[in-house]
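Asker: Sending over a structure as structure tokens; questions will come in a sec.
The values are calculated or read from the model by the stated rules, or taken from the named source; none is laboratory data. None of these values were measured; they are calculated from a predicted model. Cβ coordinates were reconstructed from backbone atoms using ideal geometry, including for glycine residues, and neighbour counts include every protein chain displayed. All accessible areas refer to the heavy atoms of the entire protein, side chains included, with ligands and DNA or RNA removed. Shrake-Rupley method; radii C 1.70, N 1.55, O 1.52, S 1.80 Å.
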2 protein chains.
Amino acid sequence: MPQFTPQDYSMMSRAIELAKGGIYTTAPNPNVGCVITLNGEVVGEGFHYRAGEPHAEVHAMRMAGDKTVGATAYVTLEPCSHYGRTPPCAEGLIKAKVAKVICAMEDPNPQVAGRGIKMLRDAGIEVEVGLLEQDAEALNPAFIKRMKTGMPFVQLKMAASLDGQTALDNGQSQWITSPQARQDVQAFRAQSNAILSTSKTVIDDNASLNVRWNDLPSSLKQSYQESSLRQPIRVILDRQNQLTPELKLFQTEGERILVSHSGDVTPIENDQQQIDLNQTFAALVKEHNINHLWVEAGATLASSLIKDNLVDELILYFAPKIMGSDSRGLFGALGLESMADVIDLDIKDVRQVGPDIRIVATLNRKEP
Amino acid sequence: MPQFTPQDYSMMSRAIELAKGGIYTTAPNPNVGCVITLNGEVVGEGFHYRAGEPHAEVHAMRMAGDKTVGATAYVTLEPCSHYGRTPPCAEGLIKAKVAKVICAMEDPNPQVAGRGIKMLRDAGIEVEVGLLEQDAEALNPAFIKRMKTGMPFVQLKMAASLDGQTALDNGQSQWITSPQARQDVQAFRAQSNAILSTSKTVIDDNASLNVRWNDLPSSLKQSYQESSLRQPIRVILDRQNQLTPELKLFQTEGERILVSHSGDVTPIENDQQQIDLNQTFAALVKEHNINHLWVEAGATLASSLIKDNLVDELILYFAPKIMGSDSRGLFGALGLESMADVIDLDIKDVRQVGPDIRIVATLNRKEP
């Protein structure tokens with residue numbers, strides 16, 4: 001293990017904080033931050049803001065100017081080694097004559113991992129890897145999951161009363177959660193790469209499933225400009241071609257991907273005549289470069305996702321209400337016959353959002 | 001409004017912290033703390049530890065000795081004016097020649113409120129009331145509710161999976177929540193005056209419903225001695241005389257009150273042949289001096305308590321599990337037909353308890 005100094009920790013923390021400046025704009029690209037120091041002083045810093053725009057290292061090198069010579073670069077992710085829409089950052093760092101590069105983590109893509117590092121080392125630059133690695137990984141769960149598995153990172157959002165009910169038996173469910181919770185949902189939508197729902201939800205609620213500037217939390221509006229708002233792609237499961245053009249979904253800005261027999265992705269069906277979610281998600285990654293799905297739908301899709309082991313995080317809003325068990329529950333029937341079969345989660349975060357409670361829980365996948 | 005000094009705030013805060021030393025032992029008496037200062041220095045302090053033992057003021061006066069002359073006494077509750085198991089504290093403070101008494105709040109019993117204050121003032125002592133009143137009230141929600149309304153303060157404890165289910169359809173429910181949550185429940189039991197349950201719960205779980213020293217949180221065990229542990233009274237609703245003597249309930253130490261036709265309290269029935277809970281609770285207060293009920297029971301009693309507007313606080317443990325809506329829900333059918341009829345709560349506290357989540361919510365009573 002390399003020995004990192006307190007200065008190293010401090011500079012990489014700064015790079016990680018910088019990286020967060022892109023969480024509402026970079027998708028599907030990863031969030032990356034970079035700090036360049038010379039003789040212990042920061043001479044350049046930057047983060048990746050948007051796909052197609054310069055990488056974090058480029059911003060930092062531009063700021064540093066000729067002070068990159070002999071400098072140390074702290075980067076939250078291994079510098080890229082390939083020509084994409086921008087030239088490879090490893091090449092840039094070599095040309096800039098930095099003396100040392102410290103990366104928080106390797107590129108998670110097993111086919112490229114280490115190539116950027118090798119390029120730097122071959123050019124005589126000292127490279128160390130693994131400083132604050134876990135914090136750096138937490139910046140990009142979706143990018144990392146796609147690179148490692150070919151599957152998207154899936155967040156399932158649900159809202160219920162404290163006793164786990166989502167609607168009265170007669171279907172009434174308006175405004176279970178508060179305006180503050182709905183703002184919070186808007187912030188999650190804005191961070192996601194795509195919003196997944198079903199034709200049923202789109203039709204029942206005439207949902208536009210977009211990000212609305214006015215509904216975003218004010219903290220977010222202070223750090224971004226309305227013009228930089230990115231609309232996540234709306235992916236709608238519509239196996240039976242039920243969507244019609246007058247719906248708000250089609251009247252609002254933002255890309256749409258329809259999973260239907262006449263749509264953009266043809267649904268692969270299982271033997272129960274349902275969409276095979278595993279294969280569909282893999283296709284969304286492969287064909288549409290989607291790595292982060294934010295799911296807002298009803299109990300049927302929610303329980304299918306749970307049963308198919310496709311959920312990474314459950315984001316559950318509880319309104320401080322009791323509705324009674326003759327109402328409609330969060331998940332459909334799961335047919336569990338033993339407590340050993342119950343689906344286990346880990347609580348990652350609990351907090352109050354206005355009058356409501358928000359729980360973020362990760363699913364403990366059992367190996368099949 | 002009297003003008004309180006920073007010293008006054010500081011001393012009353014100290015008295016309130018002292019009062020908390022009795023939360024596991026004083027029931028059904030209130031928690032009270034007292035600090036006596038002379039020339040700005042603390043000369044005595046104390047709190048009420050157990051019914052029948054000296055009041056907070058007596059402990060503080062004993063510690064102060066002859067330094068009570070000309071002193072200021074800070075008491076979290078108006079000093080008592082009546083002869084009970086101990087002589088009235090107002091009289092004691094007069095004899096001790098204190099110059100000034102500051103009370104956080106009046107005695108909540110409308111029939112006695114202000115009498116202790118009047119005794120002090122008639123003796124020429126300066127008295128001020130209302131310093132940190134809300135904090136002082138929070139020490140004794142049950143005592144205050146009983147004094148003001150003749151009804152007990154009711155805490156309803158429930159435990160469920162994140163989707164609000166308490167047992168699988170086949171009845172399996174073992175260990176939904178963690179050992180840490182069960183320790184937390186033991187601490188709540190220990191603070192209560194009485195534990196309410198039903199013969200069904202007692203028989204199904206062979207529940208002893210007592211406080212077990214070994215199961216208490218270690219933080220609690222550090223501040224109390226096993227010998228000072230007080231067993232709450234166990235109140236069991238047993239309208240149909242189903243309890244049998246071999247049950248653990250009868251094999252464990254602690255008082256029992258059976259609400260049955262052959263028991264200690266005769267159930268008053270409503271026209272659906274159910275126990276009238278309002279009248280039964282009023283009788284428990286009147287006949288057995290109970291002011292704080294901790295309820296552990298199933299969905300049937302829980303929903304009756306909710307419908308009858310008898311719950312002050314809901315203490316809800318969520319285990320990080322999903323069980324599916326074909327399991328058994330937290331509350332029975334409430335028959336709500338409009339979202340306007342949904343039962344509203346306010347979240348008072350949310351925290352993680354081991355791997356579980358604990359929510360404390362107060363009920364917003366609608367006027368009938």
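Asker: Limited to the range A:144-176, what total is found for residues that are part of a loop (DSSP other than H, G, I, E, B), surrounded by 16 or more Cβ atoms within 10 Å (Cβ to Cβ) and within 12 Å of another protein chain (Cβ to nearest Cβ)? Don't jump to the end; show me each part of the working.
Answerer: If we filter the range A:144-176 for residues that are part of a loop (DSSP other than H, G, I, E, B), which is where we start, we get A:150-152, A:162-164, A:168-176.
Still in the running and surrounded by 16 or more Cβ atoms within 10 Å (Cβ to Cβ): A:151-152, A:162-164, A:168, A:172-173, A:176.
When the remaining residues are screened for being within 12 Å of another protein chain (Cβ to nearest Cβ), the result is A:162-164, A:168, A:172-173, A:176.
Of the residues in that region, 7 qualify.
Asker: In the range B:89-143, what count of residues is obtained for those that are closer than 26 Å to B:H292 by Cα, of a type in the set (D, E) and surrounded by 16 or more Cβ atoms within 10 Å (Cβ to Cβ)?
Answerer: Of the residues in that region, 4 qualify.
Asker: Something else about it: Is it true that some residue in the range A:254-277 is surrounded by 13 or more Cβ atoms within 10 Å (Cβ to Cβ) and under 22 Å from A:K148 (Cα atoms)?
Answerer: yes
Asker: Another question, if that's okay. Select from the range B:327-344 the residues that are within 19 Å of B:A159 (Cα to Cα), out of contact with any Lys or Arg (no Cβ under 9 Å at 6 or more places or on another chain) and of a type in the set (A, V, I, L, M, F, W, C) and write down the one among them that is most open to solvent (accessible area, probe 1.4 Å).
Answerer: B:A333
Asker: May I ask you to verify whether B:A27 is under 30 Å from B:L293 (Cα atoms) and at pLDDT 95 or above? Even if it seems obvious, please write down each step before you answer.
Answerer: Details: under 30 Å from B:L293 (Cα atoms): yes; at pLDDT 95 or above: no.
Here the answer is no, as B:A27 does not meet what is asked.
Asker: I need the full set of residues from the range A:281-311 which are more than 14 Å from chain B (Cβ to nearest Cβ) and surrounded by fewer than 20 Cβ atoms within 10 Å (Cβ to Cβ), in order please.
Answerer: A:A282, A:A283, A:V285, A:K286, A:E287, A:H288, A:N289
Residue by residue, here is whether (1) touching a residue at least 12 places away in the same chain (Cβ under 8 Å); (2) of a type in the set (D, E, K, R); (3) part of a strand (DSSP E or B); (4) surrounded by fewer than 17 Cβ atoms within 10 Å (Cβ to Cβ) holds:
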{"position": "A:D184", "(1), (2), (3), (4)": "yes, yes, no, no"}
{"position": "A:R189", "(1), (2), (3), (4)": "yes, yes, no, no"}
{"position": "A:I195", "(1), (2), (3), (4)": "yes, no, yes, no"}
{"position": "A:N210", "(1), (2), (3), (4)": "yes, no, no, no"}
{"position": "A:Q242", "(1), (2), (3), (4)": "yes, no, no, yes"}
{"position": "A:P245", "(1), (2), (3), (4)": "no, no, no, yes"}
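Asker: Report yes if A:K221 is among the charged types (D, E, K, R), outside any loop (DSSP other than H, G, I, E, B) and modelled with pLDDT under 95, otherwise no.
Answerer: On the way: among the charged types (D, E, K, R): yes; outside any loop (DSSP other than H, G, I, E, B): yes; modelled with pLDDT under 95: yes.
For A:K221, the condition - among the charged types (D, E, K, R), outside any loop (DSSP other than H, G, I, E, B) and modelled with pLDDT under 95 - is met.
Asker: If you don't mind, another one. For the range B:223-240, which residues satisfy the criterion of being open to solvent by 80 Å² or more (accessible area, probe 1.4 Å) and closer than 26 Å to B:F281 by Cβ?
Answerer: Of everything in the range B:223-240, just one residue is open to solvent by 80 Å² or more (accessible area, probe 1.4 Å) and closer than 26 Å to B:F281 by Cβ, namely B:Q240.
Asker: Still on this model: Could you check the range B:314-358 and list, in sequence order, the residues that are on the phi > 0 side of the Ramachandran plot and more than 7 Å from chain A (Cβ to nearest Cβ)?
Answerer: Residue satisfying the conditions is B:G354 alone.
Asker: It is to be established whether one or more residues within the range A:250-267 are in contact (Cβ under 8 Å) with a residue 40 or more places away in the chain, out of contact with any helix residue (DSSP H, G or I) (no Cβ under 8 Å at 6 or more places or on another chain) and among the charged types (D, E, K, R).
Answerer: Looking through the range A:250-267, at least one residue is in contact (Cβ under 8 Å) with a residue 40 or more places away in the chain, out of contact with any helix residue (DSSP H, G or I) (no Cβ under 8 Å at 6 or more places or on another chain) and among the charged types (D, E, K, R).
Asker: Name the residues in the range A:73-123 that are closer than 17 Å to A:E137 by Cα and small (G, A, S), would you?
Answerer: A:A104, A:A113, A:G114
Asker: Given B:V98, B:V75, B:V69, which one is at pLDDT 95 or above and under 14 Å from B:A15 (Cα atoms)? Give the derivation first.
Answerer: Working: B:V98 fails: under 14 Å from B:A15 (Cα atoms); B:V69 fails: under 14 Å from B:A15 (Cα atoms).
None of the other options fit; the residue is B:V75.
Asker: Going through the range A:171-226 one residue at a time, which ones are among the small types (G, A, S) and farther than 17 Å from A:T252 by Cβ?
Answerer: Selection gives A:G171, A:S173, A:S178, A:A181, A:A187, A:S218, A:S219, A:S223.
Asker: Output the number of residues of the range B:1-15 satisfying the condition of being under 28 Å from B:Q225 (Cβ atoms) and open to solvent by less than 10 Å² (accessible area, probe 1.4 Å).
Answerer: Number of matching residues: 1.
Asker: Looking at B:V75, B:V69, B:V58, B:V35, can you tell me which residue is over 30 Å from B:K286 (Cβ atoms) and open to solvent by less than 40 Å² (accessible area, probe 1.4 Å)? Please lay out each step first, then the result.
Answerer: Numbers: B:V75 fails: over 30 Å from B:K286 (Cβ atoms); B:V69 fails: open to solvent by less than 40 Å² (accessible area, probe 1.4 Å); B:V58 fails: over 30 Å from B:K286 (Cβ atoms).
Exactly one of B:V75, B:V69, B:V58, B:V35 is over 30 Å from B:K286 (Cβ atoms) and open to solvent by less than 40 Å² (accessible area, probe 1.4 Å), namely B:V35.
Asker: List the number of the failed condition for A:L363; all other conditions in (1) more than 7 Å from chain B (Cβ to nearest Cβ); (2) within 25 Å of B:K348 (Cβ to Cβ); (3) open to solvent by less than 30 Å² (accessible area, probe 1.4 Å) hold.
Answerer: Condition not satisfied by A:L363: (2).
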